[in-house]
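K.L.:
My structure is below; once you've seen it, I'll send some questions.
The values are calculated or read from the model by the stated rules, or taken from the named source; none is laboratory data. Keep in mind that this is a model prediction, so the values were computed, not measured. Ideal geometry is used to build each Cβ from the backbone, glycine not excepted, and the neighbour counts take in all protein chains shown. Please note that ligands, DNA and RNA were not included when accessible areas were found on the heavy atoms of the full protein model with its side chains. Shrake-Rupley method; radii C 1.70, N 1.55, O 1.52, S 1.80 Å.
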2 protein chains.
Amino acid sequence: MKRYRNGEIWDFEQEVSGEMGGGQKLILGLDGGTTNTVCICMPIIPFTPNHHSPDPPPVYARAVAGCSNHNSVGEIAARETLEQVMAEALSKSGSTRTAVRAVCLAVSGVNHPTDQQRILDWLSFCCFGFDPVHLLSILRDIFPSDVEFFVENDSVAALASGTMGKLHGCVLISGTGTIAYGYTEDGREARASGAGPILGDWGSGYGIAAKALTAVIRASDGRGPQTMLTRTILHELQYSSPDELIGWTYADPSWARIATLVPVVISCAEAGDQVANDILIHAVKELASSVKAVVHRLGLCGKDGNDTFPLVMVGGVLEANRRWDIGKEVISCIAKDFPGMLPIRPKVEPAVGAALLAWNYIIEQSRQDHSEADYN
Amino acid sequence: MKRYRNGEIWDFEQEVSGEMGGGQKLILGLDGGTTNTVCICMPIIPFTPNHHSPDPPPVYARAVAGCSNHNSVGEIAARETLEQVMAEALSKSGSTRTAVRAVCLAVSGVNHPTDQQRILDWLSFCCFGFDPVHLLSILRDIFPSDVEFFVENDSVAALASGTMGKLHGCVLISGTGTIAYGYTEDGREARASGAGPILGDWGSGYGIAAKALTAVIRASDGRGPQTMLTRTILHELQYSSPDELIGWTYADPSWARIATLVPVVISCAEAGDQVANDILIHAVKELASSVKAVVHRLGLCGKDGNDTFPLVMVGGVLEANRRWDIGKEVISCIAKDFPGMLPIRPKVEPAVGAALLAWNYIIEQSRQDHSEADYN
């Protein structure tokens, strides 16, 4: 095990190493999101999970670090952040690296290895800013040689957060962006949407808010019907004229900033505004169509369309918990076509989903080992 | 006249000043576009223009400089570029600053003075990067005190390029972006669209291309019908998979780059592709609705809707001159509502439009002076 620099990050291990002789093996799950990096530490408790009533193993510790894209903070600082957040989670668990059995990182934009070009294209969107191969080599430098590593797309970790780590079913994410991602038990996968705002992710928070802003401009131009959105959005942004929205959108191209207007759109729809209502209905149809496309392509619904499969629902747009409930509408729209769909709203965060991926893999592996042993 | 720096830009005047004693008064028209700055030099020939059969005064000289946004090149370099392009146009005309009667600059994003906030918001989009007041003070430093200055929105210059400088009627621009801009003879004005890609300028080159790219993604996801756009766009960009388009759009957010795909969309529509055809029909409706909104708000069509008014059509999307002719379709769509609309495709560039604005103003002024003299 090479400790190539900043060895002091791991100094705590000298104090706890005595306690961890016989012990509990652990999994580290990391979620490298766009704003911060979460690391959780979970024990490997071997039990048969019920995928549809997810009560995951307990989380021993949780650590959070800022986002550390090496394109912005430099490679050394990015590696340090990654190392520190893992060290903190282990330290809080009263454990050391020798207890680690597996590490799973969920990073935005990392896709299936067959899609190398896409991985390269998306790299700047990874929180760590490292390509997956580089990430793996960093992890191998930090941990003992018997530790297993997984680097996964954050959509996969989101699916796992609802299915106890089992890669089967579909996940629909709608926050600032949106993506539908599906996995079959025999390892096939498919994606719909998730192509970004230019390429029509209209079910995303950004998409909903951009349509609302457009409706305000159209009403002001005389190209569209008057809408309550004008007054409420201008009030929200403390502007007095729709023309000022032009400057607002140009001033900062951040999609997340635009997506913060979603609650205003929901409020207007709840208050009976037809334009806002139409925007939400359109978003529901878009979100449902992404899921349907994935389910069809993977045949998750079976030949007769009635097979059972989990649909994990993640993200601010789907969790809004408002009277106008986008997530609920999406579910009822999908259920018409696929009565076997089991909607799941995960009880755990994506970092736990990442750990559950590794956990499920290890449990399955040991189960297979036992079966083979029984058979022999 | 203050020559505050770089006096050598104007050294040529010492050689030509002898010839210009009795002479021809001139107008400088400048177009500060996003990629370069054009300056033309035009004589003030007093004749009664026919606004609907535009044969403008001759252009004595034309000079081109690179785009010089002072935010990117620095203020001194930006002022120098501005000064040099005017000096070159005058030098080529064999004339000097003492012959200049007026200077008119058309700059993107400069709007009506009542809309100060918007002017400030848009500033970074002006080619020169100066605010209009600053631009005027720079010009006053360069020219004799009796020269008149105009700083106008590039949409106004585009209108003037089709109406011989008269501010009456509507201009529809669709290139990378789109805007409809109208002016009445009593000085009222209105705009529709021109709010940028986030705010729904779907009739723009960017909007058409973004919809085409979205259609390719939807077809690939299984969310939309198959389309010829997939093969042709992938071929155009030398990609093999629709997923690669995601990286392409993220790699460079330039709207102009995306808008270059418009000819491919037109080709597919001409070849009978329904998806491409629908995208163009949608763009036509959007463009026509922008014009109709402006015409309605200004009452350009008169109370019975039959009044005559010019509609100046400008920009790559409207001038494509293809079998599937977007400009022609827009005109026929508008003509149904406003039979008095007179479509005009300008024969001159926006810099000439800028000069014509000043020229028309001066001619009108001198006509009024003569009428008053006659009356007295």
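K.L.:
Can you list, shortest first in nanometers, how far residue B:252 lies from the same residue in the other copies, with each label 7 Å from Cα toward Cβ?
P.N.:
2.8
K.L.:
Taking the alpha-carbon centroid of each part, what is the distance from segment B:131-209 to segment A:185-262 in angstrom?
P.N.:
After rounding, the separation between the Cα centres reads 26 Å.
K.L.:
Averaging over every viewing direction, what projected area does the convex hull of the Cα atoms of segment B:191-340 cover, in nm²?
P.N.:
Over every viewing direction, the Cα hull of segment B:191-340 projects on average to 9.3 nm².
K.L.:
Let me ask you something else. Largest first, how would B:149, A:143 line up by accessible area (1.4 Å probe)?
P.N.:
Working: B:149 40, A:143 5 Å².
Ranking B:149, A:143 by accessible area, largest first, yields B:149, A:143.
K.L.:
Could you give the alpha-carbon Rg of segment A:264-365 over 2.2 N^0.38 Å, rounded to two decimals?
P.N.:
Computed over Cα atoms of segment A:264-365, the ratio equals 1.27.
K.L.:
Between copies, how far apart are the residue A:64 label points? List them in nm, one decimal, shortest first, with each point 7 Å from Cα toward Cβ, please?
P.N.:
Nearest to farthest, the other copies are at 5.5 nm.
K.L.:
Moving on to the next point. How much accessible surface does residue B:239 have with a 1.4 Å probe, in Å² rounded to 10?
P.N.:
Approximately 70 Å² of residue B:239 is accessible to the 1.4 Å probe.
K.L.:
Here's something else I'd like to know. Solvent-accessible area of residue B:275, probe 1.4 Å, all protein chains present, reported in Å² to the nearest ten, please.
P.N.:
Probe radius 1.4 Å; accessible area of residue B:275 about 30 Å².
K.L.:
Shifting gears a bit: Please calculate the 1.4 Å probe accessible area of residue B:150, with all protein chains present, and give it to the nearest 10 Å².
P.N.:
Counting only protein heavy atoms, residue B:150 exposes about 40 Å² to solvent.
K.L.:
In nm, one decimal, shortest first: how far is the label point of residue A:231 (7 Å from Cα along Cα to beta carbon) from the matching points in the other copies?
P.N.:
Spelled out, the distances from residue A:231's label point are 5.4 nm.
K.L.:
Would you tally the net charge around residue A:354, using a Cβ to Cβ cut-off of less than 10 Å, leaving residue A:354 out, and scoring K and R as +1, D and E as -1?
P.N.:
Charge balance in the 10 Å sphere: -4.
K.L.:
As a test of reading the structure, rank B:202, B:10, A:248 by solvent-accessible area (1.4 Å probe, protein chains only), most first. Intermediate results must be reported in sequence, preceding the final value.
P.N.:
Details: B:202 50, B:10 5, A:248 25 Å².
Heavy-atom accessible area, descending, gives B:202, A:248, B:10.
K.L.:
Under 29 Å between alpha carbons, and skipping anything fewer than 8 positions from residue B:92 in its own chain: which lysines qualify?
P.N.:
B:2, B:25, B:166, B:347
K.L.:
Going through segment B:147-231, which GluC sites (Glu not before Pro) have at most 15 other Cβ atoms within 10 Å and a DSSP loop state? Spell out each step's value before the answer.
P.N.:
Values: sites: B:148, B:152, B:185, B:189; in loops: B:185.
Those satisfying the criteria are B:185.
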